[in-house]
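Shown next, in structure tokens, is the structure this report addresses.
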Amino acid sequence: MSRQCEAPGRYPATVPSYTAASAVADFQRNHALVTARIEAACERAGRDPAGVRLLPVSKTVDEARMRAAVAAGMTGFGENKVQEAKRKSAALADVPGLSWSLIGHLQTNKARDAVSFASEFQALDSLRLAEALDRRLDAAGRRLDVFVQVNTSDEESKYGLPPDQLTGFLDELPRFPCLRVRGLMTLAVFSPDPDAVRRCFVRLRRLRDQVRDGAPDGVGLDELSMGMSGDYEIAVEEGATVVRVGQAIFGSRPTPDALYWPRDGV
Ligand SMILES: *Cc1c(COP(=O)(O)O)cnc(C)c1O
């Protein structure tokens with residue numbers, strides 16, 4: 001199943017079928033369009049747009065197009081796969097001030113690679129991985145911003161913590177002092193129904209509100225990373241502080257989504 005971007009009703013696709021983009025001007029235009037839509041969603045929700053970070057997701061975007069994106073003013077990128085991200089961070093090492101967010105599932109044996117270049121990891125969902133990251137970070141004398149990924153869709157996703165395990169999980173995180181816990185992250189249900197999508201975002205926000213007061217000292221839960229090209233406006237209305245937007249900025253991807261968030265039967 002592929003993600004349905006043409007949501008009916010008030011929320012048409014941000015860029016219908018995500019037209020190809022490769023020149024600096026394309027990226028500037030798309031980035032400005034997404035930013036304007038974020039601002040409009042903030043206006044509807046009575047929020048300050050300064051409280052929403054747009055994270056451009058550059059997976060499958062090659063080096064030349066990455067450089068065009070940088071020329072268009074983007075300085076931080078989200079990547080799903082650690083090897084691709086590491087390769088790009090090395091290729092763009094001559095560009096000062098770039099930062100890299102890993103937003104996809106990470107295998108424990110890739111922790112060292114991740115720690116070598118990433119400044120943020122948004123898909124923490126196991127203590128084994130937390131421990132591996134913390135050990136590598138300690139050895140490197142570094143710290144890492146992390147988001148705990150929660151499965152809010154009840155889909156048979158392999159990734160993300162079941163909501164009922166969140167409190168117990170957060171209670172363990174002070175054992176890993178090199179991880180700076182910033183908040184929660186989720187992927188909404190894969191549905192063309194905007195109400196079903198919205199329910200996932202509402203669920204993440206409510207979960208966060210429930211667990212925030214009881215969370216251990218040092219475990220910050222201010223951030224909510226939710227919303228992508230097809231649903232970021234809904235996410236902003238429901239409290240997203242980070243939206244992860246790829247195709248609406250970079251154009252359609254050649255690879256299927258199932259490569260990035262495999263589910264049973266996909
Ligand atoms: C690719 C990806 C996104 C962005 O998806 P688009 O449809 O390109 O906006 C968001 N979150 C995660 C975890 C991703 O892998």
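No lab work stands behind these numbers, since they all come straight from the coordinates. This structure is a prediction, so every number in the text was calculated from the model and none was measured. Heads up, the Cβs are rebuilt from the backbone with ideal geometry, glycines too, and the neighbour counts pull from every protein chain shown.
Each residue of segment 149-154 was assigned a 3J(HN,Hα) from its phi angle through the Karplus curve 6.51 cos²θ - 1.76 cosθ + 1.60 (θ = phi - 60°); the sequence is 7, 10, 8, 9, 9, 6 Hz, with glycine and proline shown as x.
In this structure the amide hydrogen of VAL245, modeled in the peptide plane, comes within under 5 Å of the amide hydrogens of LEU55, VAL57, none closer than 5 places in sequence on its chain.
A straight chain from ASP48 to VAL202 at 0.36 nm per residue would run longer than the Cα-Cα distance by 53.6 nm. In this structure the amide hydrogen of MET185, modeled in the peptide plane, comes within under 5 Å of the amide hydrogens of VAL148, GLN149, VAL150, SER225, none closer than 5 places in sequence on its chain.
With unit charges on the beta carbons (Lys and Arg positive, Asp and Glu negative) and the dipole taken about the Cα centre of segment 119-190, which residue among VAL189, LEU124, PRO163 sits farthest to the positive side? Among VAL189, LEU124, PRO163, the one farthest towards the positive end of the dipole of segment 119-190 is LEU124. Amide H to amide H, with H built 1.01 Å from N, SER191 comes under 5 Å of GLN4, counting only residues 5 or more places away or on other chains. Only lysine pairs 8 or more places apart or on separate chains count here, and in segment 18-249 those with Cα atoms under 13 Å apart total 5. Taking the centroid of alpha carbons for each part, segment 166-187 and segment 51-95 are 26 Å apart.
Charging the Cβ of each Asp and Glu at -1 and of each Lys and Arg at +1, and nothing else, the dipole of segment 109-148 about its Cα centre rounds to 160 debye. Across all directions, the shadow cast by the convex hull of the chain built on its C-alpha atoms averages 13.3 square nanometres.
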